[in-house]
1. Taking the options MET397, MET410, name whichever one is in contact with a strand residue (DSSP E or B) (Cβ under 7 Å, 6 or more places away or on another chain), surrounded by 11 or more Cβ atoms within 10 Å (Cβ to Cβ) and outside the structural domain of GLY62 (by the TED database).
2. Does ASP67 count as touching a residue at least 24 places away in the same chain (Cβ under 8 Å) and in a helix (DSSP H, G or I)?
3. Looking for whichever is of a type outside the set (Phe, Trp, Tyr), crowded, with 17+ Cβ neighbours inside 10 Å, at pLDDT below 95 and over 23 Å from TYR244 (Cα atoms) here; the options are LEU5, LEU14, LEU68, LEU27. Which one fits?
4. Only one of ARG325, ARG334 is in a loop (DSSP other than H, G, I, E, B) and under 29 Å from the mean Cα position of the chain (by Cα); which?
5. Take segment 80-105 and flag every residue that is at pLDDT 95 or above and part of a loop (DSSP other than H, G, I, E, B).
6. Return the pair list, or none, for Cβ contacts closer than 6 Å from residues in segment 427-445 that are in the same structural domain as SER355 (by the TED database) and open to solvent by less than 50 Å² (accessible area, probe 1.4 Å) to residues that are among the basic types (Lys, Arg) and at pLDDT 95 or above, at least 6 apart or on different chains.
7. In segment 343-351, is there at least one residue being assigned to a helix (DSSP H, G or I) and not assigned by the TED database to the domain that holds TYR196?
Amino acid sequence: QKRKLLEEIGENRLPYKTPTDPDFHHLWKTKYSKLIFRKSDTVPEELHHLVPEGFLTLREHGCFFQDLVRIKGKDFLTPVSRILIGNPGCTYKYLNTRLFTVPWPTEGYDIKYCSPQIHDACKALIKLNDYLHVEAVKALQGQNWFETKEVEDTTLTDREQNFATSLTEKGSVSEDQSSCCVPEDDYVSLRNRTSYNLTLLNYMEPLQMLYLKQEPYFGMGNMAVSWHHDENLVERSAVAVYSYSCEDSAIEESNEQKLKGRDPAVWHVGLKVAWDIETPGLAIPLHQGDIYLMLDDLNMTHQHCVLAGFSPRFSSTHRVADCSRGTLEYILGRCELALQNLQTDSDSMALSLKSLEAAVVKQAEEIHNEVEFEWLRQFWFQGKRYLKCTDWWLKPMAKLEEFWRKMEIMTSLVLSEVGKGNQIDKQRNETISCFLQVLTERQKLRKEWTER
């Protein structure tokens, strides 16, 4: 209720801080210490050459698309255009929309790209991914050292006092912090929580947008991406972002002005503590080649937004996506599980079901729904966008469609068998009850997708 009231009463904004505010670093250290910022001059020059060139290549080939996402039963086009690049067969789902990776070059996979330039762009992004993985491990090691020292010594040393400041000045954890001893189990955990399996690339030209939503709580200005937690991630995994704004001299001049609050010409990342209307937010400027890391549970305890500047901007947001239910391998395995209940007569080649037990029928029909609505419809709903980069997904989708057609036959066989009434009434009623429940859900979802 307080948040809603603040949004309605625009003049009563919550306070927020930028790097020019005297208490900015103290606030960062005490409330936002798991955000790590790296200025572009700390990043290898090779990446500054390869990655922006990759961004521009993908834009020239028309590979960025606005997503149609579903929020509270309504469809919205995202103001930001996106493309997902990552491990072959991985997907990433957000706001009820599943994106399918354009696979980056991976040993053991035959990936044919539409052009050598797109291959090079994907190769550049996997190089960036490897670099950010190493940097995130170092940052987590450094933060563990810092937190341990705070517990052991209640008196802050100069080095600890300068810790948050160094994040914005030099943007790197010092060597003796990053090389501190970490138990093997903890190191494995750090690696797992930073082993990025995909990156969601974003592109936006703010001045081409007819309308951008205003940041409602702090009065930070135009938002490219509203306040949110990143979805579908491995718990406590780090998120790493490489930002590239196409700045020009006009932006530089604006940036030199002593403005109150954030400079509207410059892109910023905004952060706030989730469900907290007392703690001031942060607005941190982003320039060409800057990097920031959201470590550990920051994505759960805080929310972030992206505040639009004037210039076009690309970003590469590297994530450890929770692919337990989101890989090609997973859904193929599920299909094979469902089809175990289908058998073919060796003489007549007629198809029949091995079992009509309620649990077996329900499992197969739920998988039927999953492959149709979470995979096939999600893929084809977005058109042939992926063909601008590669045709890698066409064969897997053809295989999934083949499995889906067999599941349609299984549904017909269930209807036919329960209609015969040959089963014991109790078992038949249980099967019908489970079957109708899943079938009703299927009908509802098909109606929704048709309307979309």
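The values are calculated or read from the model by the stated rules, or taken from the named source; none is laboratory data. Note that the coordinates shown come from a computational prediction; the quantities given were computed from them, not determined experimentally. For neighbour counting, all protein chains shown are included, and Cβ atoms are generated from backbone atoms with ideal geometry for every residue, glycine included. Accessible surface is based on the protein model in full, side chains and every heavy atom, while ligands, DNA and RNA are left aside. Shrake-Rupley method; radii C 1.70, N 1.55, O 1.52, S 1.80 Å.
1. MET410
2. Answer is no for this residue.
3. Every option except LEU14 fails the conditions.
4. From the options ARG325, ARG334, the qualifying one is ARG325.
5. Matches in segment 80-105: ASN87, PRO88, GLY89, THR101, TRP104, PRO105.
6. Cβ pairs passing all conditions: CYS434/LYS362.
7. no
Quick grid of which residues meet (1) free of Cβ contacts under 8 Å to residues at least 60 places away in the same chain; (2) aliphatic (A, V, I, L, M); (3) not assigned by the TED database to the domain that holds ALA274:
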residue: SER189; (1), (2), (3): yes, no, no
residue: SER195; (1), (2), (3): no, no, no
residue: GLU205; (1), (2), (3): no, no, no
residue: TYR217; (1), (2), (3): no, no, no
residue: ALA224; (1), (2), (3): no, yes, no
residue: TRP227; (1), (2), (3): no, no, no
